Amino acid sequence: MATESSSKSRPGISTFKGEDRALRAGRLGTGGLLLSVLAATAPLMVVAGVMPTTFAVMGIVGQPLLFVVLGVVLVLFSVGYAEMSRHVHNAGAFYAYISRGLGGTAGASAALVALVAYNALQVGIYGIFGFEVSGLFATYADLSVAWWIPALVAALVVGTLGWLKIDVNARVLGVLLIIEVALVVIFDIAAVSDPAAQGLSLHAFNPDTLTGAGVGTALCFCIAAFTGFEQAPVYAEETSRPHVLVPRVMFLAVGGVAVFFALSSWALTVATGPSAIVGEAQKQSAGLLFGLTEDRLGTTFTDVLHFLFVTGMFAALLSFHNVVARYAFAMGREGLLPAAFGRTNSASGAPGTGSLLQTVVSVVVIAVFAIADDKPTGDPTVPVLHLFTWFGNIGSLGVILLMAAASASVVVFFVRRGAAGAQAWRLITSALAGIALLVIAVYTVKDFDVLVGAGPESSLSWVLPGIIGLAVLVGLAQGLVMRARRPEAHARIGLGNEAFQLEKAAEEAP
């Protein structure tokens, strides 16, 4: 390692000094990486929350088929995205790929969008987490606890875990995820074993169920359930064989999620009957799953399911926290954030400053929503309908746009390298996925008032998606300023650890 006295900085580029500029390699294998990624999908939160909401709000019986359709779209997306992961190993996955394909300015914009989107997704979950924990205290301990108290405690615990080694985090996530999935599978089996009057009907997979004006918006609801699978490349620097493990985990994740959610949403229609699922979802809302399990599996199982609902959300909080911290680390290392963010914790190798940033953002947002809640025991519309719904949809829109841009970057990247012929089928799948994702993004913006439960005339329908739009513009402005004032730093956007290694070699050269 070069000492400071021997290093020679080039204009416009900050010199990397030490291994604290690189994440620790070899910390994650296939299992640890897969569990870290899948935890963000929060399967129980999707089955108990997203699915009943989609049935109730959209009135579409064919939700299981939507998961199959989205699974196909995201597999197409993953073909090119996974191939990019063989060529680019960077904790800032989305923006690194976009930088390599569409240039550093587009990469700077994507970096800020990713930071805002994943922060929003993570912070939004604190709303429903706090509300559910408050409900558990009221039900089982007869205590009235404001939702924001458990939310703040969780933020501090997640922040503490974020400073630990990533393999420790993976073990925590793994245990929670496996138990959570097992309970949902038990419900699926129970529903199939004891169907409603219509029996084991496959009507929910009938394409005729997807007719109507609500299909596009239903796609927006359902694609949020997949958010997390695309995070595998974020951990590429912390695996021993990223060119093998990252693509493998991505396909396992997206395929597994699509099958799991399609079957679980179908099990809900079987348990109530396809003709009754919409009405039951509108009547019971998020209580639909718990009501069905109590009828078939008893009160004790349902109580355990309530508890695992909370731990599953905690796993998602930790997973998104880790991703935000790594994006901040990658951005700090490349000059898109202050240099302090581009250093790792010397003891654990974790991106400590990025972790701290995410914790501070969480605490501040929770505090703002807590102040807005003027009832001593907490108004459930604040944490659930506002914090969770607003921020969750902001984050989902950002990720959809990032996936669409990444699909375009795959095409441009390989064409510029003269590999269009060799990669032709991957370019075709990426183009198809990009078009489909853009269509979903358009529907998301168009129907944002429905997604957040606001009226069509509400300013929220443009203010909330406008946050992602603002991130796009600010990021582009930052990229243009860097290109004009610090061209060498601009050229390094997206290179990540590769830039570190190249500069380290240059410093050590005689």
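Other residues within the sphere of radius under 11 Å centred on the Cβ of PRO247, judged by their own Cβ, net out at +2 (K and R +1, D and E -1). The candidates GLU132, GLU294, arranged from most to least accessible area with a 1.4 Å probe in the full protein assembly, appear as GLU294, GLU132. A cut-off under 12 angstrom between Cβ atoms defines the neighbours of TRP462, and their net charge, with Lys, Arg +1 and Asp, Glu -1, is -1. Using θ = phi - 60° in the Karplus curve 6.51 cos²θ - 1.76 cosθ + 1.60, the 3J(HN,Hα) couplings for the stretch 175-192 round to 4, 4, 5, 4, 5, 4, 5, 4, 5, 5, 4, 4, 4, 4, 5, 5, 5, 5 Hz; x is entered for Gly and Pro.
Once backbone amide H atoms are built at 1.01 Å from N, ALA350 has ASN345 as its partners under 5 Å, excluding neighbours fewer than 5 places away on the same chain.
For the stretch 34-47, in order, what is each residue's ³J(HN,Hα) by Karplus, 6.51 cos²θ - 1.76 cosθ + 1.60 with θ = phi - 60°, in whole Hz (x at glycine and Pro)? My calculation for the stretch 34-47 gives 4, 5, 4, 6, 5, 4, 5, 6, 6, x, 5, 5, 5, 5 Hz in order. The phi-based Karplus calculation (6.51 cos²θ - 1.76 cosθ + 1.60; θ = phi - 60°) puts the 3J(HN,Hα) values of the stretch 405-418 at 5, 5, 4, 5, 5, 4, 4, 5, 4, 6, 5, 5, 7, x Hz, whole numbers, x for Gly and Pro.
The GluC sites (Glu not before Pro) of the stretch 442-501 that DSSP puts in a loop, and whose beta carbon has at most 13 other beta carbons within 10 Å, are GLU457. Classify the stretch 219-354: rounded, prolate or oblate, from the alpha-carbon gyration tensor (a ≥ b ≥ c, eigenvalue square roots; a/c under 1.5 rounded; otherwise prolate if a/b is larger than b/c)? Prolate, because a/c is 1.5 or more and a/b exceeds b/c.
The values are calculated or read from the model by the stated rules, or taken from the named source; none is laboratory data. On a predicted model such as this, the values are computed, not experimentally measured, just so you know. All Cβ positions, glycine included, derive from the backbone under ideal geometry; neighbour counts span all protein chains shown. These accessible areas exclude ligands, DNA and RNA; they are computed on the full protein's heavy atoms, side chains included. Shrake-Rupley method; radii C 1.70, N 1.55, O 1.52, S 1.80 Å.
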